[in-house]
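Worksheet: the structure to be examined is printed underneath.
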Amino acid sequence: MQRFLESARAAALPLPSRLLIGAVSLLLAAGCSTIAPPTAAPSEAAAPVAVVETPQAAEALDGAPAPRAAPAPQDGPRWIGRDETALPGNLWDRIRAGFAMPELDTSLVAEKERFYLQRPDYLQRMFDRGGRYLFHIVEEIEKRGMPTELALLPFVESAMNPVALSHAKAAGLWQFIPSTGKAFNLDQNWWVDNRRDVVKSTEAALDYLQKIYEMHGDDWFLALASYNWGEGAVGRAVKRNRARGLPADYLSLQMPAETRHYVPKLIALKRIVQRAEQLGVKLPELPNRPYFVTIEKTRPIDLKLAARFAGMTVDEFVALNPAHNRPVISASRNNEIKLPADRVDAFLDAVESHGRSNRAFATWQPYTLKAGDTLEALASRAGISVAELRDANDLRPGARILPGTRILSPHRQVEDETRVEAFDGPRIYELVERPAVYHVVRPRESLASIARRYGTTVATLRQLNGLKKAVAARGARLLISPANSQTLLTTESGDRRVVAQSEARIVRAVVRETAPAEPAAGPRAPAARVAAPTPAPAAKAPVKAASRKAVRPVAEPRPAARTSGSGAKTPVARSGKRT
């Protein structure tokens, strides 16, 4: 059988046949027995595409997305999808043929059309980027019998940028906010953000659009307004108009300016696609066939390695696999990767060759910093930059990381690649030194007003400053809180808390009861050292401080506020968008 596979692959077979044989050979090696048919590949690969972080910054498309994470197969990649050969015509003709929305009788459409036409470079970059994703989106829209104008909606939402982020934390081509993404089963955690997954987010967006279309009596304009403004907000606006005996169509509703301009943008893009040749707009050549195919994998793989196997740059790979947040792709969090259809054969060959040589596929592994370890030393040993190591683990630039911190780090020797699957996120011990805080008393200020301003008490201020009475002279320099050092723990879930604290001894300065000629000089508190925490096993109780000096209760600063961790790196705020 092996000789047959080798001879067959060497023969000049059509690409779909060679892809199937390559996948079968891997499955046989892994002891698997089933495989879905492959998808036909296009003849040419697309050039790298620039992306932006927010739709509002879409006109500055000069950079590419930062390398993040990617996947790859091993124990038997498996095809997902149908066997599709090239269909007649081109994709733009297919999109035009599916237009079904009525015209929108408002001057805003012509205004938005002029806006796009006056920015030909921006328009061209959007259309070029969309070439990767449009075939898949059109396929899914047609399966549901929906109008193909909806395939242009990601141009309005995100400039067809799968890693776009808004200040409202809306992400991806379809700009899902976190709560709506969760409602439509789009996982968002430290490893992945499936709001950026082209396949999963498209399915969720079309599900949502169908729902709100039916909710608003099969009116696409009201459905689109709901997608932008929120279904509840549109429903209330419709109800108000009906109660007043007014029309309840899209153009008759009172709505935010963003929503009023939203549908006209879509219709303007429709007109441009319809009359591109007349308008002098050069649409990119888009064959009517799949650009990418999807492969399942069953083990983790480094992003850079997967990109190399596919003969792609990291930026090109991430453009098709933007959901992954890390430089290693966990098989258990998202077991699919997307590749240009014409790169799959080379990818399978590279995977097979790498596996036969018994080399590691996932070199990024959990590592706990020991005494004497530094991020600089770890990065140097792994042959990466400190910035890359920090970025992989969401470590703030300049943060003083202590022993006991557990992060992902590349390793030259990997004994068990599956260890990375149990890693839920970094566990970070960080030393934070806070300087003393002082306040110079201004006219008409009292100790009570100063205490309220800083969230402390009059008694604390009196004790810290050796005041006999609850008054302070104008111009006096009051110590509000002494210098201190804290060890902060950020857990795998993103919770942050103080686990050790040391406060410098306070040398009190007696403040005069009457206004001095010169402001009284306050004491300078020396910075205190904090012992590095001893890390506890993952399943045990939170780590306690190795040593902790007694601190006066009245002088103890409030603990740091708990903050939630970021699942993805997640983001101009939309008014109540998709709540």
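Values in this text are rule-based calculations from the coordinates and carry no lab data. If you're wondering where the values come from, they're calculated on a predicted model, not measured in any experiment. Using ideal geometry, Cβ is built from the backbone for each residue, glycine included, and neighbour counts are taken over all protein chains shown.
Things worth noting here:
- Relative contact order of segment 364-424, taken over Cα pairs closer than 8 Å and 6 or more residues apart, is 54 percent.
- Residue 449-residue 418 pseudo-label distance in nm [points 7 Å out on the Cα-to-Cβ vector]: 6.8 nm
- Segment 284-372 shape via C-alpha gyration tensor axes, a/c threshold 1.5: prolate
- Sorted peptide list for 230-238, 207-215, criterion being average Cβ within 10 angstrom, highest first: 230-238, 207-215
- For segment 354-365, Karplus couplings with θ = phi - 60° (6.51, -1.76, 1.60), whole Hz, Gly/Pro x: 5, x, 5, 8, 6, 8, 6, 8, 10, 8, 6, 9
- Cross-link pairs exceeding 21 Å between alpha carbons, from the set 211/270; 211/338; 182/211: 211/270; 211/338.
- Compared with the direct C-alpha span, the chain from residue 463 to residue 285 gains 56.5 nm at full extension, assuming 0.36 nm per residue.
- Listed residue pairs exceeding 22 Å between alpha carbons, taken from 200/265; 143/297; 200/282; 112/282: 200/265; 143/297; 200/282
- Highest to lowest packing among 442-450, 339-347, 362-370, 252-260, scored as the average C-beta count within 10 Å: 339-347, 362-370, 252-260, 442-450
- Prolate/oblate/rounded label for segment 365-496 (Cα gyration tensor, a/c 1.5): prolate
- If the segment from residue 497 to residue 358 were pulled out straight at 0.36 nm per residue, it would be longer than the present Cα-Cα gap by 45.8 nm.
- Cut-off under 5 Å, modelled amide H: who pairs with residue 400 long-range: 431
- Overall form of segment 240-338 per C-alpha gyration tensor (a/c, 1.5; a/b vs b/c): oblate
- Only Lys, Arg, Asp and Glu carry charge here, each on its Cβ (+1 for the first two, -1 for the last two); on that basis segment 244-321 has a dipole of about 160 debye about its Cα centre.
- FRET E, pair residue 275, residue 183, Förster distance 51 Å, beta-carbon r, rounded to 0.05: 0.85
- Extending 7 Å from the Cα toward the beta-carbon at both residue 243 and residue 386 defines two label points whose distance is 6.1 nm.
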